[in-house]
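One structure is given below, encoded as structure tokens.
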Amino acid sequence: MNRPFSSLVKSLLVATLAVSGYASAAAAAPAAVVKADPAKGGTLYDSGDSARGLPACVSCHGAAGNSTIAANPKLSGQMGPYLVKQLVDFTTPNRNNPIMTPYSKMLTDEDKRNVAAYLGAQVQKQGAAKDKDNVELGKKIYRGGIAATGVAACASCHGANGNGIPAQFPRLAGQHQDYTVAQLQSFKAAHSKKAPAGARKNSAQMVTLASRMSEDEMRAVADYIAGLK
């Protein structure tokens, strides 16, 4: 092989290896994290998107996420990652809901992050316990659990004041009693071998704990939670 040809082959080989190495490095590099846009999330929350048939979230969850409808959760101040997870879960069999499932499927991943970021930055209006005679039982369950049936203290995951743990456990403080009870009932239903289609299956831990609670215990702890701040 003559020298000019040999030099050319070496040059091509080096260039090929360089390009190959660059491509491998690019493939191995993690994708850039797209930052959520709370302003866009607020617009979607307040106005919806008529082009997609997506209604405004505010119509059910209230201004700035402060729902005034007891059956609909307050979303203001909720953990962003938790809200995103729930919106994703609504698109799966683990949290099938006749209202939220269709709407969640309309949202893009970016929409989910934006709305969650907007709601996480809002201030929740204070709730209040209603049943003074039962709130002490709720306090005992929330802080100490139910030893007889193996129910862990709610505070161990959701915090002493119900503010949750970022990216792990949701904020509960100030939530509507009716909504909290409904979720505990839904978790409990998921424990049955013949769980109904709408049973909430997206937390194995909560399915187990709720299955060990009576209706009265659920209502007591929900009332206590409503007064936390």
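Inside segment 141-184, can you point out the residues that are assigned to a loop (DSSP other than H, G, I, E, B), open to solvent by 20 Å² or more (accessible area, probe 1.4 Å) and polar (S, T, N, Q)?
Residues satisfying the conditions are ASN161, ASN163, GLN168.
Tell me, please, whether a residue that is within 15 Å of the chain's Cα centre (by Cα), under 23 Å from GLY227 (Cβ atoms) and small (Gly, Ala, Ser) can be found in segment 132-151.
no
Name the pairs whose Cβ atoms lie under 8 Å apart, with the first residue in segment 146-172 and touching a residue at least 24 places away in the same chain (Cβ under 8 Å) and among the hydroxyl-bearing types (Ser, Thr, Tyr), the second in a loop (DSSP other than H, G, I, E, B) and open to solvent by less than 70 Å² (accessible area, probe 1.4 Å), and 6 or more positions between them or separate chains?
Filtered contacts from segment 146-172: THR149/MET213.
For segment 38-64, name all the residues that are touching a Phe, Trp or Tyr at 6+ places or on another chain (Cβ under 8 Å), of a type in the set (Gly, Ala, Ser) and crowded, with 18+ Cβ neighbours inside 10 Å.
GLY41, GLY42 - these are the residues of segment 38-64 that are touching a Phe, Trp or Tyr at 6+ places or on another chain (Cβ under 8 Å), of a type in the set (Gly, Ala, Ser) and crowded, with 18+ Cβ neighbours inside 10 Å.
Return the residues of segment 136-160 that are more than 16 Å from LEU184 (Cα to Cα) and hydroxyl-bearing (Ser, Thr, Tyr); say none if nothing qualifies.
SER156, the sole residue that qualifies.
I'd like the full set of residues that are outside any helix (DSSP H, G or I), of a type in the set (Ser, Thr, Tyr) and farther than 20 Å from PRO73 by Cα, limited to segment 185-227. Talk me through it step by step, then tell me what you get.
If we filter segment 185-227 for residues that are outside any helix (DSSP H, G or I), which is where we start, we get 190-203, 212-214, 227.
So of that shortlist, the ones also of a type in the set (Ser, Thr, Tyr) come out as 192, 203, 214.
Selection gives SER192, SER214.
The values are calculated or read from the model by the stated rules, or taken from the named source; none is laboratory data. Treat the numbers as computed from the prediction; the structure is a model and nothing was measured. Glycine gets a Cβ as well: all are built from the backbone with ideal geometry, and neighbour counts include every protein chain shown. Please note that ligands, DNA and RNA were not included when accessible areas were found on the heavy atoms of the full protein model with its side chains. Shrake-Rupley method; radii C 1.70, N 1.55, O 1.52, S 1.80 Å.
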